[in-house]
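Heads up, the thing below is written out as structure tokens.
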2 protein chains.
Amino acid sequence: MKKGCKYGTHRVIEPKGTLPQPAWKIDNTMEIYDNEILIDVKTLNIDSASFTQIKEEAGGDIEKIKARILEIVEERGKHHNPVTGSGGMLVGEVKEIGPALQGKIDLKVGDKIATLVSLSLTPLKIYEILEVKPEIDQVHIKGEAILFESGIYAKLPEDMSETLALAVLDVAGAPAQTCKLVKPGNTVLIIGAGGKSGLLCLHQAKKMAGVTGKVIALEYSDEGCERIRKLNLADEIIQADATNAVEVLEKVSAVTDGKMADITINCVNIPKTEMASILATRDEGLIYFFSMATSFTAAALGAEGVGKDVTMIIGNGYTKNHAEIALETLRENPALREVFTQLYV
Amino acid sequence: MKKGCKYGTHRVIEPKGTLPQPAWKIDNTMEIYDNEILIDVKTLNIDSASFTQIKEEAGGDIEKIKARILEIVEERGKHHNPVTGSGGMLVGEVKEIGPALQGKIDLKVGDKIATLVSLSLTPLKIYEILEVKPEIDQVHIKGEAILFESGIYAKLPEDMSETLALAVLDVAGAPAQTCKLVKPGNTVLIIGAGGKSGLLCLHQAKKMAGVTGKVIALEYSDEGCERIRKLNLADEIIQADATNAVEVLEKVSAVTDGKMADITINCVNIPKTEMASILATRDEGLIYFFSMATSFTAAALGAEGVGKDVTMIIGNGYTKNHAEIALETLRENPALREVFTQLYV
């Protein structure tokens with residue numbers, strides 16, 4: 001059996017010297033290297049941007065959507081949409097584990113898992129498309145895929161539906177990082193607190209900050225604020241537009257007696273909220289940008305422009321045990337689980 | 001005397017609710033608020049991108065360059081190039097200090113300072129342009145400017161030329177952050193080590209990592225590598241292209257026995273070096289992105305894609321005492337000072 005690279009570079013066909021994600025084409029031969037996992041794939045959860053693009057290109061015709069999905073995988077060895085650059089994730093059963101991994105991982109043949117690395121780097125073969133569910137961007141298939149040694153995954157829990165688990169796993173990094181960052185007594189500000197990742201972060205922040213801490217939820221929409229109020233997830237709720245830095249500064253100052261937040265977690269999905277995050281955080285405080293709409297230069301130059309000595313962290317979608325922490329969040333908070341079931345299942 | 005906002009929002013004319021930097025027009029009346037500093041401006045150091053744009057628009061004609069500079073300041077109340085969005089910095093003498101700041105800052109009237117916040121947020125009036133120096137992007141003027149309470153500055157040192165001091169102050173954040181991050185025994189990788197900020201970071205990294213630490217310089221050019229070698233600033237020098245993640249991974253692995261770097265500091269001025277930084281850093285290590293060419297999403301999705309639990313920090317151009325630390329770097333290392341004098345003066 002051939003020995004593979006931890007990051008899967010042994011499967012890159014072109015261009016050579018790149019990693020599987022940026023590569024144009026990877027080898028999707030379904031014979032594993034010694035450090036790979038073979039997965040019997042049941043469902044592809046196509047990234048929303050990618051699925052929308054394929055659907056539009058196909059004029060909504062299901063047969064044409066199927067043909068385009070097969071064509072992409074045929075051409076690139078992975079489901080990596082060449083227009084949007086994005087992939088998605090997959091659900092399947094472990095079929096074979098490379099000998100170099102045995103005893104090192106907590107998986108056995110037959111386990112049902114979701115891969116938490118992008119389809120845009122995952123070797124995939126589709127034997128048959130069984131069903132396309134355009135309303136939830138899912139495709140049921142007969143197929144196989146390879147997970148590299150560095151690839152991350154989560155065992156699907158038995159106590160919640162697959163759809164609910166996937167909704168949480170999709171944003172697993174945010175609550176897990178919150179859980180690791182927040183210390184007892186901290187004043188924590190969550191921006192975009194009423195959304196999927198924001199609600200999970202609120203729960204973890206409140207738990208970790210404890211009775212001596214203070215959790216402030218900042219949310220734009222009426223429904224979001226009402227949701228947070230009903231779930232009793234924050235000590236203070238501020239309704240404000242996070243692109244208005246001055247308004248945020250004043251409102252956060254008011255509820256913290258001018259002390260501002262020790263830790264700010266940005267979960268907003270719109271651009272131009274960097275400055276509000278910076279002004280709302282105290283000197284030598286910490287800002288964790290989970291939002292993919294964050295601009296690196298806006299954050300870097302923004303902090304310098306106001307002379308703010310803050311540590312600004314690029315949200316890493318992965319941290320150890322992130323899937324377990326995220327799923328546990330719903331188990332710890334049945335009311336939150338109920339809201340998630342209503343909103344995302 | 002009127003009371004001002006720490007961040008200068010009291011001077012924003014339009015649009016209201018923004019900060020001075022993103023504002024289109026600010027009030028450049030040279031009558032100070034209680035928390036402002038009035039500066040007698042001698043020199044504008046126009047941002048390189050901005051100066052190049054103005055020079056091209058003016059067809060290289062010095063009189064037209066002068067006219068365009070005056071026009072921008074007249075229109076916006078600050079030297080904020082509407083095409084490039086960038087500003088620059090200024091040098092001048094302290095003329096008046098607002099009463100609310102007296103005793104709180106280490107400045108007195110007559111001190112010669114460089115402002116370390118962008119001209120794109122600094123209220124400015126130009127009374128006369130004395131000389132344009134297109135080869136070093138400098139403009140000598142008679143004029144006045146306002147520094148806000150949150151505005152950062154550095155007193156110009158008496159033991160080095162203004163040009164040398166400015167060359168260092170321009171990248172002051174990098175060596176200062178390196179000095180604060182690196183601990184004895186750390187393995188530190190500097191990517192883009194042969195450039196201006198890279199060399200300053202190498203010196204600080206070597207000093208802080210101490211005899212039990214290891215400093216690795218990664219540099220693309222022959223001249224850069226030779227410079228590092230002659231200055232004896234690194235324990236290991238790797239000549240490589242930082243956009244080739246696999247090559248960087250292999251070479252850093254080779255000099256660290258597969259342990260990889262505890263801390264990676266990215267000082268490269270080209271895009272697509274995020275993945276090399278991530279792969280070169282050990283699990284639970286730290287990456288500090290000083291490069292303005294860093295892509296937030298490439299870093300965030302890149303780390304997730306390879307399942308790397310690293311802390312990635314957005315380089316903040318400001319940290320406490322950054323100017324002093326940066327200038328001190330040259331005093332501590334006369335050979336490095338000599339190289340800086342040759343290259344940047």
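A compact table of results
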quantity: Residue match in the range B:218-239 (condition: assigned to a loop (DSSP other than H, G, I, E, B), within 13 Å of another protein chain (Cβ to nearest Cβ), open to solvent by less than 50 Å² (accessible area, probe 1.4 Å) and on the phi < 0 side of the Ramachandran plot); calculated: no
quantity: Output for the range A:71-87, where each listed residue is surrounded by fewer than 16 Cβ atoms within 10 Å (Cβ to Cβ) and modelled with pLDDT of 95 or more; calculated: A:E71, A:E74, A:E75
quantity: Any hit, the range A:220-240, residues being in contact (Cβ under 8 Å) with a residue 60 or more places away in the chain and within 25 Å of B:G317 (Cα to Cα); calculated: no
quantity: All positions within the range B:328-345 that are over 15 Å from B:K180 (Cα atoms) and either open to solvent by less than 10 Å² (accessible area, probe 1.4 Å) or of a type in the set (G, A, S) (or both); calculated: B:L330, B:A335, B:L336, B:F340
quantity: Number of the exception - A:A261 against (1) at pLDDT below 95; (2) over 23 Å from the mean Cα position of the chain (by Cα); (3) crowded, with 24+ Cβ neighbours inside 10 Å; calculated: (1)
quantity: Some residue of the range B:190-205 being open to solvent by 10 Å² or more (accessible area, probe 1.4 Å) and either free of Cβ contacts under 8 Å to residues at least 12 places away in the same chain or among the aliphatic types (A, V, I, L, M) (or both); calculated: no
quantity: Test: residue in the range A:193-206 that is within 14 Å of chain B (Cβ to nearest Cβ), at negative phi and more than 16 Å from the chain's Cα centre (by Cα); calculated: no
quantity: Residue match in the range A:273-280 (condition: more than 9 Å from chain B (Cβ to nearest Cβ) and open to solvent by 20 Å² or more (accessible area, probe 1.4 Å)); calculated: no
quantity: Residue in the range B:6-18 that is in the same structural domain as B:K125 (by TED's automatic domain parsing), of a type in the set (G, A, S), in contact with an Asp or Glu (Cβ under 9 Å, 6 or more places away or on another chain) and without any contact (Cβ under 8 Å) to a residue 40 or more places away in the chain present; calculated: yes
quantity: Candidate set: the range B:247-272, residues that are free of Cβ contacts under 8 Å to residues at least 60 places away in the same chain and not in a helix (DSSP H, G or I); chosen: the one farthest from A:T297 (Cα to Cα); calculated: B:D257
quantity: Filter result (part of a loop (DSSP other than H, G, I, E, B), away from every other protein chain (no Cβ under 14 Å) and farther than 20 Å from A:M89 by Cβ) within the range A:1-31; calculated: A:M1, A:K2, A:K3, A:W24, A:D27, A:T29, A:E31
quantity: Enumerated helices (runs of 4 or more DSSP H) restricted to the range B:284-345, each holding at least 3 residues that are more than 7 Å from chain A (Cβ to nearest Cβ) and modelled with pLDDT of 95 or more; calculated: B:322-332, B:334-344
quantity: Any hit, the range A:93-108, residues being surrounded by fewer than 21 Cβ atoms within 10 Å (Cβ to Cβ), away from every other protein chain (no Cβ under 14 Å), aliphatic (A, V, I, L, M) and in contact with a Leu (Cβ under 7 Å, 6 or more places away or on another chain); calculated: yes
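The values are calculated or read from the model by the stated rules, or taken from the named source; none is laboratory data. Given the structure is predicted, the values throughout are model-derived calculations rather than measurements. Neighbour counts are summed over all protein chains in view; Cβ atoms, including those assigned to glycine, are modelled from backbone coordinates with ideal geometry. Note: accessible area is taken over every heavy atom of the protein model, side chains too, but ligands, DNA and RNA are not part of it. Shrake-Rupley method; radii C 1.70, N 1.55, O 1.52, S 1.80 Å.
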